[in-house]
Structures are given as structure tokens and as C-alpha cells.
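The values are calculated or read from the model by the stated rules, or taken from the named source; none is laboratory data. In this text the structure is predicted, and so the values were computed from the model without any measurement. Cβ sites come from the backbone with ideal geometry, for glycine too, and all protein chains shown count toward neighbours. The protein model used for the area step is the full one, side chains on, heavy atoms only, and it has no ligands, DNA or RNA in it. Shrake-Rupley method; radii C 1.70, N 1.55, O 1.52, S 1.80 Å.
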Amino acid sequence: MTTYLEAEPNPTRNTGAIRLYDAAAFEGMRRACQLTARCLDGLAAIVEPGVTTETIDRYVVDFALANDAFPATLNYRGYGKSVCTSINHVVCHGIPNDKPLKEGDIVNIDVTFIHDGYHGDSSRMYPVGRVKRAAERLCDITYRSLLLGIEAVRPGGHTGDIGEAIQTYAESERCSVVRDFCGHGVGKLFHDAPNILHYGRRGEGPEMRPGMVFTIEPMINIGRPHVKILSDGWTAVTRDRSLSAQYEHTVGVTETGCEVFTLSPVGLDTPGLTVEPLAGAAK
């Protein structure tokens, strides 16, 4: 049975109950999430052939310090960097290093800032120079999968509605949905209830209620959905070494639909390739 409760000021752990945030908390989420969005916007001018993911990590640290924020991943459960950078067949949690990006790579950059106690969590795909059409198509499909998931967010619906929308579309495009990782509740805690699966059936899962805040972050593979974790304990890669892509937004359930907190203020959160944003992506 799902438990809902009014979000307390300083929760210490994920209890499995779904927290419902008030208007003041939504404003706090807007501020934290917009810092994250602005940082991701700035990275668009930095990602190019020859740049190292270590340089990206330093940019994120500097941006956080300049804006009274803190990178949530830094020292989180032993993770030593301020951002995740996942290249080509890396599904998620890629660790920045001094290896330069190459022409034709695609890289997911996942940033979470803590600002005034609230977590703003978002990720985007970045093409490195000119990329192959298969990589373009995968990024398009993944982005549209995210938007379809967002369109399914409304009070009275169920989290399974989100998963069904994403899975139905991605599989219709002959891609697969990674099942080993999911979206999650977020707010005063980095990872909270509920889990947001990117596959499933309409009407299943917890009911969505106004005040819920969570991420939607589908990971879509060109090949099979299976992943493995490398020896560093963090980096997840596709078992068949096929390309993988991910887009992520943090959303809040409103009385009439949802609010997307992590939208780019200048429209840089779309792939910029061949897909158009769906009407009503931010409600």
C-alpha cells in the first residue's frame, strides 16, 4: 500500500513514503533546477572534439561554487566527481577522466545541484562534432520518449502510465528501454520514493498526486536493453556495446498536470536534430 505524507523540512532518509511538497517547496525546486538547467546550457559551448570529461567536471564545480550550490554527486556513496559523463555505449554513471572526446561521440551529461536544500536533477545528450545518423536518431527517439513520459504526468494517473508511454514509443522505433535504472522521487533528498520505471502498464504503480516531485530519465539503447557494471562499481555499459542515450527532467505534479522544473531558459534542452518538442511538454 502506497503511503503519502506532507514533506518535512529536513528529511534524513528515504522511508518509502511519497512526499507531497507545498508551493514554497515548488519555488525552491524551481531555483535549484534552473541552476542545473543553466549549467547544462553553458556546457553546450564547451563540448567539442578534444575536450576531456575532466574539463566538464571542473566547469560544473566552478559553476556550482559561483552560484551558491553544491554538486550532489560529489562524494555521494563514494563517487568522486561532480558530474556523470556517459559516452556512446555507456548507459549512465560514466566517471569523468582525462581522455579527450572524439568527433562523432555522443555524451550524456548528468548534473544535480543542491541549492538551499533542494536538488535539481537533469541530463542531456551532447553531440561531439558531426555524429552519424544512427546516433542522431537515437537521441531523437530518447528525447521524444522523455516528452511522452512527461505528457503522461497528471493527478489521478499512475506512474505506470509514464512507463507505458515511453516503452510503447521506444519499442515501436526498434529500440529498447533499459530496465536496470529508473527515475526517482527528488526534492530535499537526492533519491526518494517513488521509483519511476520507464516501462510498464497504464494504471499500475502509485497514483500521482499534486505535490509529488520526481525525475523522468529514460535510457534507450539501439540494441538490446541489457547492461553490466564495470569494475569501478559505477559505470554501466550496454552488454552488446550498442549506443545508448538518455534525457532527464525533474517534474512536479500540479492540480492540472505537471510542471517541468529543469527546462532550459533559452531552449537548449532539445536535441537540436530532427524532432520537434511535443505540445504541452510543460504544463
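Give the residue that is nearest to V83 (Cα to Cα), with candidates limited to residues of region 15-29 that are of a type outside the set (G, A, S) and open to solvent by less than 50 Å² (accessible area, probe 1.4 Å). Outline the logic, then answer.
Step one: filter region 15-29 for residues of a type outside the set (G, A, S), giving 15, 18-22, 26-27, 29.
Still in the running and open to solvent by less than 50 Å² (accessible area, probe 1.4 Å): 18-21, 26, 29.
Working: I18: 26, R19: 26, L20: 28, Y21: 26, F26: 24, M29: 19 Å.
Ranking the qualifying residues of region 15-29, first place goes to M29.
Only one of the numbered conditions (1) within 30 Å of P49 (Cα to Cα); (2) touching a Leu at 6+ places or on another chain (Cβ under 8 Å); (3) surrounded by fewer than 20 Cβ atoms within 10 Å (Cβ to Cβ) is not met by P100, and that is (2).
Kindly evaluate I166 against the criterion of being in a helix (DSSP H, G or I), in contact with a Pro (Cβ under 6 Å, 6 or more places away or on another chain) and modelled with pLDDT of 95 or more. Answer is yes for this residue.
I need every pair where a residue in region 234-262 that is without any contact (Cβ under 8 Å) to a residue 60 or more places away in the chain has its Cβ under 6 Å from the Cβ of a residue that is open to solvent by 10 Å² or more (accessible area, probe 1.4 Å) and part of a loop (DSSP other than H, G, I, E, B), sequence separation at least 6 or different chains. Once the first residue is without any contact (Cβ under 8 Å) to a residue 60 or more places away in the chain and sits in region 234-262, its partners that are open to solvent by 10 Å² or more (accessible area, probe 1.4 Å) and part of a loop (DSSP other than H, G, I, E, B) give R239/H226; D240/G223; D240/R224.
Each residue in region 52-61 was checked for being under 23 Å from T142 (Cβ atoms) and either of a type in the set (A, V, I, L, M) or assigned to a loop (DSSP other than H, G, I, E, B) (or both), and 2 pass.
Reported count of residues in region 1-14, each being surrounded by 10 or more Cβ atoms within 10 Å (Cβ to Cβ) and either within 12 Å of P206 (Cα to Cα) or not polar (S, T, N, Q) (or both), is 7.
Can you find even one residue in region 207-218 that is out of contact with any strand residue (DSSP E or B) (no Cβ under 7 Å at 6 or more places or on another chain), at pLDDT 95 or above and open to solvent by 20 Å² or more (accessible area, probe 1.4 Å)? Spell out the reasoning first.
Quick first cut of region 207-218, residues out of contact with any strand residue (DSSP E or B) (no Cβ under 7 Å at 6 or more places or on another chain) only: none.
Within region 207-218 (the criterion being out of contact with any strand residue (DSSP E or B) (no Cβ under 7 Å at 6 or more places or on another chain), at pLDDT 95 or above and open to solvent by 20 Å² or more (accessible area, probe 1.4 Å)), the answer is no, since none of the residues qualifies.
What do you reckon, is I141 over 30 Å from M1 (Cβ atoms), touching a helix residue (DSSP H, G or I) at 6+ places or on another chain (Cβ under 8 Å) and either among the aromatic types (F, W, Y) or open to solvent by 40 Å² or more (accessible area, probe 1.4 Å) (or both)? For I141, the condition - over 30 Å from M1 (Cβ atoms), touching a helix residue (DSSP H, G or I) at 6+ places or on another chain (Cβ under 8 Å) and either among the aromatic types (F, W, Y) or open to solvent by 40 Å² or more (accessible area, probe 1.4 Å) (or both) - is not met.
Can you find, within region 153-179, the residue that is most open to solvent (accessible area, probe 1.4 Å) among those that are without any contact (Cβ under 8 Å) to a residue 40 or more places away in the chain and small (G, A, S)? So that I can check it myself, show each step before the final result.
Going through region 153-179, the residues without any contact (Cβ under 8 Å) to a residue 40 or more places away in the chain turn out to be 164-165, 167-169, 171-174.
Keeping just the survivors that are small (G, A, S) gives 165, 172.
Values: A165: 23, S172: 74 Å².
Looking at residues that are without any contact (Cβ under 8 Å) to a residue 40 or more places away in the chain and small (G, A, S), I get S172.
Out of G94, G117, one residue alone is within 22 Å of Y79 (Cα to Cα), surrounded by fewer than 18 Cβ atoms within 10 Å (Cβ to Cβ) and not hydroxyl-bearing (S, T, Y). It is G117.
Those residues that are outside any helix (DSSP H, G or I) and within 17 Å of the chain's Cα centre (by Cα), I need them from region 40-51; list them, please.
If the condition is that a residue be outside any helix (DSSP H, G or I) and within 17 Å of the chain's Cα centre (by Cα), then A44 is the only one that fits.
Residue-wise test of (1) open to solvent by less than 40 Å² (accessible area, probe 1.4 Å); (2) touching an Asp or Glu at 6+ places or on another chain (Cβ under 7 Å); (3) assigned to a loop (DSSP other than H, G, I, E, B); (4) not aliphatic (A, V, I, L, M).
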residue: F181; (1), (2), (3), (4): no, no, yes, yes
residue: G187; (1), (2), (3), (4): yes, no, yes, yes
residue: H198; (1), (2), (3), (4): yes, no, yes, yes
residue: I220; (1), (2), (3), (4): yes, no, no, no
residue: V237; (1), (2), (3), (4): yes, no, no, no
residue: S242; (1), (2), (3), (4): yes, no, yes, yes
residue: V251; (1), (2), (3), (4): yes, yes, no, no
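Residues that are part of a helix (DSSP H, G or I) and in contact (Cβ under 8 Å) with a residue 40 or more places away in the chain within region 10-29 comprise A25, F26, G28, M29, listed in sequence order.
Looking at A135, A64 in this structure, which one is of a type in the set (G, A, S), surrounded by fewer than 23 Cβ atoms within 10 Å (Cβ to Cβ) and not in a strand (DSSP E or B)? Break it down into steps so the answer makes sense when it comes.
Numbers: A64 fails: surrounded by fewer than 23 Cβ atoms within 10 Å (Cβ to Cβ).
Being of a type in the set (G, A, S), surrounded by fewer than 23 Cβ atoms within 10 Å (Cβ to Cβ) and not in a strand (DSSP E or B) holds for just one of A135, A64, which is A135.
The condition (being touching a Leu at 6+ places or on another chain (Cβ under 7 Å), open to solvent by less than 20 Å² (accessible area, probe 1.4 Å) and in a helix (DSSP H, G or I)) is satisfied by just one residue among A32, A37: A37. Here the condition is being under 29 Å from P9 (Cβ atoms) and aliphatic (A, V, I, L, M); of A193, A236, A170, it holds for A193 alone.
Among the residues of region 200-218, which ones are touching an Asp or Glu at 6+ places or on another chain (Cβ under 6 Å) and in a loop (DSSP other than H, G, I, E, B)?
Applying the first criterion (touching an Asp or Glu at 6+ places or on another chain (Cβ under 6 Å)) to region 200-218 yields 200-202, 210, 215, 217.
Correct list: G200, R201, R202, P210, E217.
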